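To start, the structure itself, in structure tokens.
The values are calculated or read from the model by the stated rules, or taken from the named source; none is laboratory data. Since the model is a prediction, treat every value here as computed from it, not as a measurement. Don't worry about glycine lacking a Cβ; one is built from the backbone with ideal geometry, like all the others, and counts go over all protein chains shown.
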Amino acid sequence: MPCIMNAHLKNHPKKHVLLAFAILCPFQASLTHAAIQDGRWHAGIGDPTLYGWLTVVIYLAAVICIVRQARIARHSGTNAGFWYFLALFLLFLSMNKQLDLQSWLTQVMKDNAIEHGWYENRGSIQQAFIITLGLGLLIALISLRLFLANAWRSYKIIWVGMMLLCTFILMRAASFHHFDTFIHTDFLGIKNNALLEIGALLLIILGTFFNRQATMAKQTNVS
């Protein structure tokens, strides 16, 4: 029976999203409806809204598209490492969307600051943290660019999506330290951070589609 189910899902990759969503949704009823209660982080659903779950589904859809492209790259003899790295990165972000681990990290840092007596000077520490995070994301992107060498040109749309997603991560981190001025404003009733995050994911999905078409065209020309 498990083999039949695996084969069925393999032939219908979109059902991976529905299956993952069906597994995740029941936890919303059993866990708390917010990861922050009484100013403290608790294990629970960080964003139980329609937007929160929709974003998780888009993350999982992107992961599936990327894994499919990784398999195509592996079978065509090209480097699949980039795709697997991106899939793991987005999978982590999809889980963090509801676990809200950045709130837990903020709480740990705050508790440590109070315990060691440097809470009053937290502003400079917060700025240093955001700068370090920004540099870390920049170094990761540059390292990935060097790893891909000239092949990065085949992933231009995906690169735009990745840079937008890294920008969202940095701005989200800044919002936890009260440096945000942009993400809480609305555009057509939708917050800018939501537009930035979902827009980045849709670009990545679109990029996998164009990359798949290009790979198939090359295989056709070779044959």
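If a residue has to be in contact with a His (Cβ under 8 Å, 6 or more places away or on another chain) and at pLDDT 90 or above to count, how many in the range 28-71 make the cut?
Total meeting the criteria: 2.
Quick check on the range 100-149: of everything there that is without any contact (Cβ under 8 Å) to a residue 40 or more places away in the chain and of a type in the set (Ser, Thr, Tyr), which residue is nearest to residue 85 (Cα to Cα)?
Ranking the qualifying residues of the range 100-149, first place goes to 143.
Taking the residues in the range 167-200 that are within 20 Å of residue 100 (Cβ to Cβ) and among the aromatic types (Phe, Trp, Tyr) as candidates, determine which candidate is modelled with the lowest pLDDT.
Among those that are within 20 Å of residue 100 (Cβ to Cβ) and among the aromatic types (Phe, Trp, Tyr), it is 179.
Please name all residue pairs, on different chains or six or more residues apart, with Cβ atoms under 8 Å, provided the first residue is in the range 150-161 and is within 12 Å of residue 210 (Cβ to Cβ) and among the charged types (D, E, K, R) and the second residue is part of a helix (DSSP H, G or I) and modelled with pLDDT of 90 or more.
Listed pairs, sorted by first residue: 156/207.
Look at the range 41-93 and say how many of its residues are over 16 Å from residue 213 (Cα atoms), polar (S, T, N, Q) and in contact with a helix residue (DSSP H, G or I) (Cβ under 9 Å, 6 or more places away or on another chain).
Residues in the range 41-93 being over 16 Å from residue 213 (Cα atoms), polar (S, T, N, Q) and in contact with a helix residue (DSSP H, G or I) (Cβ under 9 Å, 6 or more places away or on another chain): 2 in total.
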